[in-house]
Amino acid sequence: MKQRSFSVSFFVYAGLALWLLVASLPVVWTAIISFRQYIDAFSSPIKWVAPFTMENYSRLWIDKAFYRNFFNTALVTVFVVTVSLTVGCLAGYALSRYRGSMGFWLLLIALMFRAIPHSSLLPSFFTIFDALDIRNTYFTLIFVLVAINQPFTIWMLRSFFVNIPNELDEAALVDGCTRFQAFKRVIIPVMWPGVVTTGLFSFLLAYNDFLLSSALTSAEKMTMPAAIANSITAESEALLMQGVAGAVSITIPLIILVMIFQKQIVGGLTQGAVKG
């Protein structure tokens, strides 16, 4: 019996290791060739060893002023995550404690709006924002990303709040807390992993956005994905290598973020975030 259990475990871990190798190989290879010249990066046959250079990154960040796009991305993502989590926590908590059928229909309508393709919403965005003369602003992009992301955020946070017993609220109220104090001091600390997990999804939406950023803002206010796709093309070898360096530059903050919050993310996923 032990021998069979060992065999099953061996094949499971071997399969996971193989999957991890296959999944990570493109990312690792992209990072390697970002430190090469074009002729070494795309040579045939493949050069496994080539001279190291930082020229692609210096041209991208200094010559192309990619740091401005990094600042735009940081500004937009911070505001989107802050607003989405603030509204999502309050709305999710209220809907989790609401027993009427209206709450379900509100969530269903919100998710239907979330499912609409972003491209089909752009014409109305153009018309409204041009009429108000606010299309090329940070506020416009943040407002749209929050509006699109908020239904999913509320639904996800509500799933966390539903798993928290009502007795915690009642105990806090008996001890003299107001409803908001009970929410802030008792409920939020208990479901903090869920808040972090939801915040990560909200961050990824804003951080990886291409369509809305490229359509609603000009070049100097675009986020990093839109800037790379719109300004750094394959028209020349140098621009192509800058695009490779930009792809690596975008990935690094995501890796750091997951490493910092990995415990909270795992705790949030196992807490029941995907339960209805």
Output for Cβ contacts, cut-off 7 Å, separation at least six or different chains, first residue free of Cβ contacts under 8 Å to residues at least 60 places away in the same chain in the range 48-77, second of a type in the set (Asp, Glu), reads Ala50/Asp40; Pro51/Asp40
Counted residues in the range 128-168 being assigned to a helix (DSSP H, G or I), among the polar types (S, T, N, Q) and farther than 16 Å from Arg114 by Cα come to 3
Sole residue being surrounded by 13 or more Cβ atoms within 10 Å (Cβ to Cβ) and out of contact with any Phe, Trp or Tyr (no Cβ under 6 Å at 6 or more places or on another chain), chosen from Val83, Val28: Val83
Residue match in the range 65-81 (condition: under 25 Å from the mean Cα position of the chain (by Cα), in a loop (DSSP other than H, G, I, E, B), within 30 Å of Lys221 (Cα to Cα) and modelled with pLDDT under 90): yes
Are any of the residues in the range 100-110 surrounded by 13 or more Cβ atoms within 10 Å (Cβ to Cβ), at pLDDT 80 or above, under 24 Å from Val196 (Cα atoms) and among the hydrophobic types (A, V, I, L, M, F, W, C)? no
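The values are calculated or read from the model by the stated rules, or taken from the named source; none is laboratory data. Computed from a predicted structure; not experimentally measured. Using ideal geometry, Cβ is built from the backbone for each residue, glycine included, and neighbour counts are taken over all protein chains shown.
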